[in-house]
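Structure first, then comments.
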Amino acid sequence: MDGKEQRLLAIANSAALRRGTEVGEARFSRGGRFAYRWRMDGRRIAVLYVTDYLDEAPDRALLEFMEGVMDSVRGGTARFGSAFMEYITSDAFILRKRPVFLRRSRNIARTDAGRHRNIYDAAQRLLDAGLISPEDLDCTYFTWTSAPNYTRLGYCHQMFRVVAVSSVLDDPAVPEYVFDFVVYHECLHLRQGYRPFDRRPHDAAFRRQEKLYPRYAEAEAYMKRFPAMGRGRRSGK
Ligand SMILES: [Zn+2]
């Protein structure tokens, strides 16, 4: 264990001891995903692995993260405190760790400029139409995927504020309102922001906002064609 992991272990144990357990070893793990996992040894946590995106988190934020983790290890309702939430949603954290996340991400072109379309142009049209506000786009990174994805047309990583749009939409044959709708959908996830332990991102409030898009039904209907296009391509037809 290095100095960073000694600090991690000390903080993990201060959260663990108050919950009647103990952590034997704490390690930072280098994965693309923001995750944590653990190995139990009876009632004791033998090893705790925590994403290395948190290796520079202030003590208070890290302690609150550990408290949330301990509660989820014990099967309770996990919640993160406000110091953790403030840190993790700060521009400072995002700008420092997002480049690491992007380096670890596969299938992103790392540019918002496609062969035919620019993702920012879609965002600008959405702004002009009053569907989104400049705050929705704060500290956001837009990129095309490098390979086309036919089943997932857009993707939003809410913590790192990364929106990836499938390159199948970078095609003049796809109507612009369909492209804009996919970008709009992802911007609504940006508006939600980071919501830890969220299992229902498409809740009623989200669906209500989605339907404000003027050609919502048409766009949804058009999007149903893409999976079949992908299957046709794979089978060489
Ligand atoms: Zn979604």
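Would you list the strands (runs of 3 or more DSSP E) that sit entirely within segment 137-237 and hold 3 or more residues that are within 16 Å of the ligand (Cβ to nearest atom) and aliphatic (A, V, I, L, M)? Show your work before the answer.
Numbers: elements: 141-144, 154-157, 162-165.
Ranges flagged: 162-165.
For segment 54-105, a tally of residues being more than 25 Å from Cys139 (Cα to Cα), surrounded by 19 or more Cβ atoms within 10 Å (Cβ to Cβ) and of a type outside the set (A, V, I, L, M) returns 2. Within segment 48-80, if we keep just the residues that are acidic (Asp, Glu) and at pLDDT 95 or above, the residue that is nearest to Gly32 (Cα to Cα) turns out to be Asp52.
The values are calculated or read from the model by the stated rules, or taken from the named source; none is laboratory data. Worth saying up front: this structure is predicted, and the values here are computed from it rather than measured. Glycine gets a Cβ as well: all are built from the backbone with ideal geometry, and neighbour counts include every protein chain shown.
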